[in-house]
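The values are calculated or read from the model by the stated rules, or taken from the named source; none is laboratory data. Owing to the predicted nature of the structure, the values given are computational and were not obtained by experimental measurement. We place every Cβ from the backbone using ideal geometry, glycine too, and count neighbours over all the protein chains shown.
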Amino acid sequence: MTRRRRSSTATSTTETSTAVTATIRPTTGAVTIMEIDDSKYQLEDIDGVGKVTAQKLRDAGYTTVRDVAFASVRELAEVIGSEERAKTIILNAQRLLGIKPFMTALEYYQRRQAVRYISTGCRALDELLGGGIETRAITEFVGEFGAGKTQICHQLCVMVQLPPEKGGLAGKALYIDTEGTFRPERIMQIAKYRGLDPEEALKNIIYARAYNSDHQIMIVDEAKKIIRQENIRLIVVDSLVAHFRAEYPGRENLAARQQKLNQHISQLLKIADIYNVAVVVTNQVIAQPDVFFGNPLKPAGGNVVAHGCTYRIWLRKGKENIRIAKVFDSPYHPEKEVTFRITEEGIVD
Ligand code: ADP
Ligand code: MG
């Protein structure tokens, strides 16, 4: 069962809050996340939040009622000092926005309708993915050095800018570069081929170099403040795990590393869901010296990454510029392989 591109429901190009499809209307008056319009509220409108608390929240990066409504109790308690109070404030923020804890399956269905797809620019890859890169999900590209992970990230930063009829979301990309391999020149090449003005294409990519894992987490926290304002529809983290592996070597650090990585992936998933953006991450492979049969390579990051990433794609090198992609670990996708090429023009069939 492959997922289908829901192009027929694509509405406005910058849909954020009103994009829920009109085919089935909510009958219960329930509000789904994507319908939430918090623009008319300020933090001070939340019951129990006065000027002082509002300032504390803003200083900590909670600038909108939505941010507070979806904060975790522990996170918020760190800002305002008490778990009890944090809980109350979160519930009050949710009430203000009309969020309720339960929804019917119909409401959930309507929520899913807000999901959009970004074309990879390569038909075979799009088909493999069931329509392209999905918003509200984390898509992981795994592979050895030179497999094409970074190339796909570059390509997607261009594709997301295209109008929906050309496979994009008419939005911007945020590129979090942990290895220093982002190349604007490459973006310009790809943009030209896709009919975009190269300089405009560069302006629509917001770049952040992450120097260590703490920095990486901090950038994602900061990103919350600009996603809406900049109309970011794609967040790239290239690579997800590299810093964590380098900073927490050996068995003795494994638990701490995995906990932190888990926190990072959760924050990415939450952003993907709340803001209806696509998150794309890359991951390295590591050798399993004790495996004699089957694939001796496995993705880095263990269970935390395996559970956190919604879709996982394994990339392999073929002859010359040919690459092979395969979805693994997915209950929805057939065990199918497709090929694509890396050329001057980017990723192509
Ligand atoms: P990784 O999986 O390590 O991130 P990359 O995405 O950097 O791998 O892919 C590197 C591959 O992309 C190299 O094999 C290189 O030949 C190819 N490549 C990079 N730029 C170009 C280009 N302008 N034209 C053709 N191939 C390119
Ligand atoms: Mg790379």
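Okay, here's what the table says:
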{"item": "Verdict on Thr139 being hydroxyl-bearing (Ser, Thr, Tyr) and within 16 Å of ligand 2 (Cβ to nearest atom)", "result": "yes"}
{"item": "Filter result (within 16 Å of ligand 2 (Cβ to nearest atom) and farther than 14 Å from Leu129 by Cα) within the stretch 322-349", "result": "Arg323, Ile342, Gly346, Ile347"}
{"item": "Residue in the stretch 183-195 that is of a type in the set (A, V, I, L, M), free of Cβ contacts under 8 Å to residues at least 24 places away in the same chain and away from ligand 2 (no atom under 14 Å from the Cβ) present", "result": "yes"}
{"item": "Condition met for Leu261 (more than 28 Å from Tyr193 (Cβ to Cβ), at pLDDT 95 or above, of a type in the set (A, V, I, L, M, F, W, C) and more than 16 Å from ligand 1 (Cβ to nearest atom))", "result": "yes"}
{"item": "Qualifying helices (runs of 4 or more DSSP H) (wholly inside the stretch 145-261; at least 2 residues being surrounded by fewer than 19 Cβ atoms within 10 Å (Cβ to Cβ) and more than 15 Å from the chain's Cα centre (by Cα))", "result": "184-193, 198-203, 213-230, 242-247"}
{"item": "Residue selected from the stretch 222-251 under the condition modelled with pLDDT of 95 or more and of a type in the set (Asp, Glu), by the criterion farthest from ligand 2 (Cβ to nearest atom)", "result": "Glu230"}
{"item": "Boolean, Ile313 is more than 26 Å from Ala114 (Cβ to Cβ) and either assigned by TED's automatic domain parsing to the domain that holds Ala208 or in contact (Cβ under 8 Å) with a residue 40 or more places away in the chain (or both)", "result": "no"}
{"item": "Gly61 under 28 Å from Ala278 (Cβ atoms) and either outside the structural domain of Ser266 (by TED's automatic domain parsing) or assigned to a helix (DSSP H, G or I) (or both)", "result": "yes"}
